[in-house]
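The values are calculated or read from the model by the stated rules, or taken from the named source; none is laboratory data. Keep in mind that this is a model prediction, so the values were computed, not measured. Every residue, glycine as well, gets a Cβ built from its backbone with ideal geometry; the counts of neighbours run over all protein chains shown.
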Amino acid sequence: MFVARSIAADHKDLIHDVSYDFHGRRMATCSSDQSMKVWDKGGNAEWNCTASWKTHSGSVWRVTWAHPEFGQVLASCSFDRTAIVWEEIVGESNDKQRGQSHWIKRTTLVDSRTSVTDVKFAPKHMGLMLTTCSADGVVRIYEAPDVMNLSQWSLQHEISSKLSCSCISWNPSSSRAHAPMIAVGSDDSNVTYGGKVQIYEYNEVTRKYAKAETLMTVTDAVHDIAFAPNLGRSFHVLAIATKDVRIFKLVPLRKDSSSSAPTKFEVQVLAQFDSHNSQVWRVSWNITSTLLASSGDDGCVRLWKANYMDNWKCTGILKGDGSPVSGQPGALSGILGSATAQSALNGSTMSSKHPSTV
């Protein structure tokens, strides 16, 4: 049975994001106290804070890990209009901190004129690339041409979404049949304006990203968005955290391979759940895309799973304080092993002050 443990995070303000590394053995947290902390999982399954430092001059909204192939690398973004890349360095033999690790700032990305609301590394097969989105409605894609020199990043693309951006997700598919694709969510509060989720696709002919799809049925503010791991499927699955939990299926329609027009999709709603009965703040998939975790202002983490008929239902609920929910499914055993599913559990693992931080 999964047991929730509270961690005394010792942040001085709201915790906005928690991110697990590729192996689920390390965790990073960020807060409105302008600091970040790195936690390592010990042999006794306890989380120990191994680094804590002031990172930005404003609230830190998001933190994310690069794939370990590129080293121990973190990126953060902030209300101070910047995104920063950090790298962990282990002290040399002549260092006073011999054998001790410390995090150093490799670069500060300063292109945004407004708050940088999300930051994500691209899938590993694309190389070391980093994407940011901002309140000014611009998505920026950077590349490190030399993975051994993380102080050099070049701005490759700027995509204007016309809406204030709140979150981004890369499509993880490495299939040659699928062009690189980014989903962008908006927290614009104007509910009369539909299409709070936009899908952008890279075109080999024009060498630019173009809008391929807008999910017009999403009219409420979007707080988080997550493509499911692809695992060789011909279609894509996208989870959205808004006033409820929604799961969309995007089926690519055939097109002429030489065409410069973006792919068109048949958009299907696989599931929609208002069980949180409140704002949903985070959605996260497990590594096999069979389980979706969501967290909301009701202070609960809810787990969603599809049966062989592709019907989704709730398979478990966990309160933020770790106590069971009476009369609800308790089948949490064995399905929370993936770090990506656990990354939606911030509220139950971190002592934070507000359920919106999960």
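Counted as qualifying within region 1-81 are the strands (runs of 3 or more DSSP E) with 1 or more residues that are within 13 Å of the chain's Cα centre (by Cα) and of a type in the set (D, E), namely 15-20.
Name the single residue, out of those in region 1-17 being crowded, with 16+ Cβ neighbours inside 10 Å and touching a Phe, Trp or Tyr at 6+ places or on another chain (Cβ under 9 Å), that is nearest to F70 (Cα to Cα). Restricting to residues being crowded, with 16+ Cβ neighbours inside 10 Å and touching a Phe, Trp or Tyr at 6+ places or on another chain (Cβ under 9 Å), the top hit is D17.
Only residues that are farther than 15 Å from I182 by Cα and assigned to a strand (DSSP E or B) were counted in region 226-248, giving 4. Here the condition is being touching a strand residue (DSSP E or B) at 6+ places or on another chain (Cβ under 6 Å), of a type in the set (F, W, Y) and over 20 Å from V90 (Cα atoms); of W61, W39, it holds for W61 alone. Within region 312-322, one or more residues are modelled with pLDDT under 75 and within 30 Å of D40 (Cβ to Cβ).
Please work out if R246 is among the charged types (D, E, K, R) and without any contact (Cβ under 8 Å) to a residue 12 or more places away in the chain. Judged against the criteria, R246 is not a match. Across region 181-209, the qualifying residues are those that are of a type in the set (G, A, S) and at pLDDT below 95, and the one among them that is surrounded by the fewest Cβ atoms within 10 Å (Cβ to Cβ) is S189. Within region 167-198, if we keep just the residues that are in contact (Cβ under 8 Å) with a residue 24 or more places away in the chain and charged (D, E, K, R), the residue that is nearest to A221 (Cα to Cα) turns out to be D187. Give the residues of region 298-310 that are out of contact with any strand residue (DSSP E or B) (no Cβ under 6 Å at 6 or more places or on another chain) and either surrounded by fewer than 17 Cβ atoms within 10 Å (Cβ to Cβ) or under 19 Å from I225 (Cβ atoms) (or both), sorted by residue number. If the condition is that a residue be out of contact with any strand residue (DSSP E or B) (no Cβ under 6 Å at 6 or more places or on another chain) and either surrounded by fewer than 17 Cβ atoms within 10 Å (Cβ to Cβ) or under 19 Å from I225 (Cβ atoms) (or both), then N307, Y308, M309, D310 are the ones that fit.
When V60 is tested against (1) farther than 24 Å from I287 by Cβ; (2) among the aliphatic types (A, V, I, L, M); (3) modelled with pLDDT under 95, just one condition goes unmet, and that condition is (3). Answer with yes or no whether V269 is touching a residue at least 40 places away in the same chain (Cβ under 8 Å), of a type in the set (V, I, T) and buried (at least 18 other Cβ atoms within 10 Å of the Cβ). When the stated conditions are applied, V269 does not pass them. Filter region 274-294 down to the residues that are more than 12 Å from the chain's Cα centre (by Cα) and among the charged types (D, E, K, R) and list them by number. Hit for region 274-294 is D274, nothing else. No other residue among S295, S275, S258 is assigned to a loop (DSSP other than H, G, I, E, B), surrounded by 16 or more Cβ atoms within 10 Å (Cβ to Cβ), modelled with pLDDT under 95 and not hydrophobic (A, V, I, L, M, F, W, C) apart from S275.
The number of residues in region 150-180 that are farther than 26 Å from W281 by Cα and modelled with pLDDT under 95 comes to 6.
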